[in-house]
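Okay, so here's the structure we're looking at.
The numbers here are math on the coordinates, done by the rules we state, and not lab data. Every value quoted in this text rests on a predicted model; they were computed, and no experiment measured them. Note: ideal-geometry Cβ built from the backbone for every residue, glycine included; neighbour counts use all protein chains shown.
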Amino acid sequence: MKALSIEKENTICLKHMPEPEPAPDELLIKVAACGFCGSDIHFFRGGHVQKYPIIPGHEFSGIVEKTGSAVVNFQAGDRVAADPNIFCENCDACKSNHQIHCKNLSVLGSLRDGAFAEYVTVPERCAFHIGGLDFIQASMAEPLGCVINSHNKYEIPTGASVFVMGAGTIGLMQMMLSKKRGAAKVIMTDIKDKQLAKAKDLGADVVIKSDEHIFDALKKIAPEGFDIVIDATGVPECVEMGIKLVKYAGKMIIFGACPAGSSVTIDPFDIYFRDIQIIGSYALEKTLGQAVAMLKSGAIDLRPLIGRVVNIDEAAAVFHDFAEGKTSNKLIVSFFD
């Protein structure tokens, strides 16, 4: 089969590899679509937990090609998406329903071969039926599941003001879900005009290009701050600014992945005196089913977020453009015509 392979840090290529064989509890899935994620860049650059060589790709959909002997709820021909996080369900974290902190966690695309390939295997417990949902949207269920996981951790009061830093795919999903949950006004910032235009088209109430005057501009919009501030940039300076822009009794959501070892300056008295909460949210945690349900029902339509769809033969070259920040909107590899 054709597959992308990260051979070592900063080295990716297209190669032919043997088709994987499913274990008794696994599905062999013929991949239909797989999306590029910022985490793939971390794996590519060696800034995350991974092994080499590795087939990246963890946002995907496809068709069941073959089932292991112990599989119960799926059969060949089923259309599926899958949670890339494979939990042991035996450790203390799993037993307390904090599976993303599983002590034996295996993740597609970083610790186990992923879905930038014609075929991938996953345990049955990770797979979800997608029915007639189109494969491209279904491949975006994983990042939507991550956003849903963050929203499950706090309430958005009806009529609240929400400030989202970063208007990339994740930031736009954060904005769309905030609107669904009752936010009266969502303000977004980004350094790219194209992303801000997309945000405005999709329902953001105010968009502002981020520059050296951004803090003052935001204070004019919300002198008391915002009820909810969400960082979708992974830039420490943005996190630090965001905390200062949280309204009294408000919440700061740290969703973007800042570099390991980075730091921000926080005045603990300020956190105490303004009675604010800082909430971290890592990946998805048993929320892929919720994402699939939202997409199947039409409650959220992610198709406007799609930027470019390429084939596997183009993927290695496009991956370099993606890693260098030269692409816009969601970038997806389609394996079907």
Exactly one of K198, K153, K180 is among the basic types (K, R) and over 17 Å from Q290 (Cβ atoms), and that residue is K198
Taking the stretch 254-280 and keeping only residues that are part of a strand (DSSP E or B) and within 18 Å of the chain's Cα centre (by Cα), one is left with I254, I279, G280
If we ask which residues in the stretch 126-160 are under 22 Å from A199 (Cβ atoms), among the polar types (S, T, N, Q) and in contact with a helix residue (DSSP H, G or I) (Cβ under 9 Å, 6 or more places away or on another chain), their number turns out to be 3
Across the stretch 229-270, the tally of residues that are farther than 18 Å from A167 by Cα, of a type in the set (A, V, I, L, M, F, W, C) and touching a strand residue (DSSP E or B) at 6+ places or on another chain (Cβ under 7 Å) stands at 2
**Request:** Report yes if some residue within the stretch 185-200 is among the polar types (S, T, N, Q) and either farther than 23 Å from E240 by Cβ or surrounded by fewer than 16 Cβ atoms within 10 Å (Cβ to Cβ) (or both); otherwise report no.
**Result:** no
Scanning the stretch 204-253 residue by residue, the ones that are more than 26 Å from S39 (Cβ to Cβ) and in a loop (DSSP other than H, G, I, E, B) total 9
Q. What about S39, is it of a type in the set (S, T, N, Q) and either in a helix (DSSP H, G or I) or under 17 Å from N311 (Cβ atoms) (or both)?
A. yes
All conditions in (1) without any contact (Cβ under 8 Å) to a residue 60 or more places away in the chain; (2) part of a loop (DSSP other than H, G, I, E, B) are true of G131 except (1)
Counting only residues that are part of a loop (DSSP other than H, G, I, E, B) and either touching an Asp or Glu at 6+ places or on another chain (Cβ under 6 Å) or at negative phi (or both), the stretch 167-196 contains a total of 7
Selection from the stretch 1-36 of residues free of Cβ contacts under 8 Å to residues at least 40 places away in the same chain and part of a loop (DSSP other than H, G, I, E, B) yields N10, P18
